[in-house]
Structure formats: C-alpha cells, structure tokens
1. Give THR99, THR147 a once-over and let me know the one that is open to solvent by 30 Å² or more (accessible area, probe 1.4 Å), in contact with a helix residue (DSSP H, G or I) (Cβ under 8 Å, 6 or more places away or on another chain), at pLDDT 95 or above and within 30 Å of ALA54 (Cα to Cα).
2. When you look at VAL8, is it of a type outside the set (Gly, Ala, Ser), more than 16 Å from GLU163 (Cα to Cα) and surrounded by 13 or more Cβ atoms within 10 Å (Cβ to Cβ), yes or no?
3. Kindly indicate which of VAL157, VAL128 is open to solvent by 60 Å² or more (accessible area, probe 1.4 Å) and within 15 Å of the chain's Cα centre (by Cα).
4. It is to be established whether one or more residues within the range 99-116 are of a type in the set (D, E, K, R) and over 17 Å from ARG23 (Cα atoms).
5. Quick one: count up the residues across the range 130-152 that are over 22 Å from VAL68 (Cβ atoms) and either in contact with a strand residue (DSSP E or B) (Cβ under 6 Å, 6 or more places away or on another chain) or in contact (Cβ under 8 Å) with a residue 24 or more places away in the chain (or both).
6. Could you say which residue among LEU52, LEU58, LEU78 is open to solvent by 60 Å² or more (accessible area, probe 1.4 Å), closer than 17 Å to TYR125 by Cβ and modelled with pLDDT of 95 or more?
7. If I go through the range 35-49 residue by residue, how many of them are of a type in the set (D, E, K, R) and either at pLDDT 95 or above or more than 22 Å from the chain's Cα centre (by Cα) (or both)?
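The values are calculated or read from the model by the stated rules, or taken from the named source; none is laboratory data. Model, not experiment: these values are computed from the prediction. Note that each Cβ is placed from the backbone with ideal geometry, even for glycine, and that neighbours are counted across all protein chains shown. To get the accessible areas, we keep the full protein, side chains included, count just its heavy atoms, and leave off ligands, DNA and RNA. Shrake-Rupley method; radii C 1.70, N 1.55, O 1.52, S 1.80 Å.
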Amino acid sequence: MSWYVLLVLLVGVERLAELVVARRNERWSLARGGVVSGRGHYPWMVALHTGLLAGCLLEAGLADRPFVPVLGWPMLTLVVAAQGLRWWCITALGHHWNTKVIVVPGLPPVTRGPYRLRRLRHPNYVAVAVEGVALPLVHGAWITALTFTVLNAALMVVRIRCEEEALSSLTPAPPGQVAA
C-alpha cells in the first residue's frame, strides 16, 4: 500500500499546485475588477476535496482494502487522465481559472481548449468527478468513492448554478473569435 500512499500524496501536492495557480489568478482577476461569487459553498468544497484524500488513505488502510489489479490499474489510468483534463482546463482558462468563482466584468468567456465544446460547459468538473471515483477505487476504497460522488454531486448543483449565474454577466466573444 505504500505506493498508494505516495499516489494520494502526489495528488495532494497537485492540489497545492492548483492553489498556488489559483491565488496568482485571483490577484490578477481582482486587480482587474473581478467579482467573487459563491463564498458560502467554497469552504464545503475545500473540506470535501480534503476529505477525499483523507478518506482514500483511511479506508484503504483501516479497512485493509486490497489492490485488485483488474480494478486498480484502469482506475489509475482514469486518475492520470483526469489530471490531464484538469490541467488542460487550467491551461486553456489561463488567468481566468480559479478554485473560486471569480469573473472579471467585460471580458469574454474562454472558448478554447476543452471550452470550445459547447455541450460540455464545465469540463473541469468532469475531471473532478472521474478522479473522485477513480482515486479511491485504485485501492478498493469504495465507501470513499461513493461518499465523495454523492456529496460532490450535491455540491456541483450549487457550484454550477453559481458559475452559470456569474458567467452570464460576461460579454460573449464575437463569432469566429477565440476569447483570451
């Protein structure tokens, strides 16, 4: 299980890297008049994501969950794919990406990278959902996977509603123009 502990710790380090990027982008956005929305749900989101990492380690360790290769290897592949999608989203959004809902008035919405897919409005949340199932299941932590999925679904209803309302204030990019 020591390699699984290392995997979960690496995901935790990745989360810290996200926070560094988010803080930098928050400063950039606020300096340009950015408006923060959804402050009430943000602490719950932080707690849920922290709980995911802790739950992975606790359940796998305390419940002595085995590594089952037929499940574990595909789930590890999904964890890696989710990280790739997440960082594609972060790169595509550039300064607009944040862990908080911050919108800079007057800027058009981003329509590049995975955000050019009109039917998939929130691809970063696909990455979050996939990772929330896959990371625990790498080492058989099915209770953590199930608990995170249910709580994350409830939180995403609130979060996406908040984001959609905030994004509705943005100026749409002219047809054929890629927004910054």
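1. Working: THR99 fails: open to solvent by 30 Å² or more (accessible area, probe 1.4 Å).
THR147 is the lone residue from the list that is open to solvent by 30 Å² or more (accessible area, probe 1.4 Å), in contact with a helix residue (DSSP H, G or I) (Cβ under 8 Å, 6 or more places away or on another chain), at pLDDT 95 or above and within 30 Å of ALA54 (Cα to Cα).
2. Yes: the conditions hold for VAL8.
3. On inspection, the qualifying residue turns out to be VAL157.
4. Filtering the range 99-116 down to residues of a type in the set (D, E, K, R) leaves 100, 112, 116.
Keeping just the survivors that are over 17 Å from ARG23 (Cα atoms) gives 112, 116.
Yes: one or more hits.
5. 2
6. None of the other options fit; the residue is LEU78.
7. Final tally of qualifying residues: 0.
Listed here are the residues, each with its yes/no results for (1) closer than 20 Å to ARG161 by Cα; (2) of a type in the set (A, V, I, L, M, F, W, C); (3) in contact with a Leu (Cβ under 8 Å, 6 or more places away or on another chain).
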{"position": "VAL13", "(1), (2), (3)": "no, yes, no"}
{"position": "VAL21", "(1), (2), (3)": "no, yes, no"}
{"position": "SER37", "(1), (2), (3)": "yes, no, no"}
{"position": "HIS49", "(1), (2), (3)": "yes, no, no"}
{"position": "ALA54", "(1), (2), (3)": "no, yes, no"}
{"position": "GLU59", "(1), (2), (3)": "no, no, no"}
{"position": "HIS95", "(1), (2), (3)": "no, no, no"}
{"position": "GLY113", "(1), (2), (3)": "no, no, yes"}
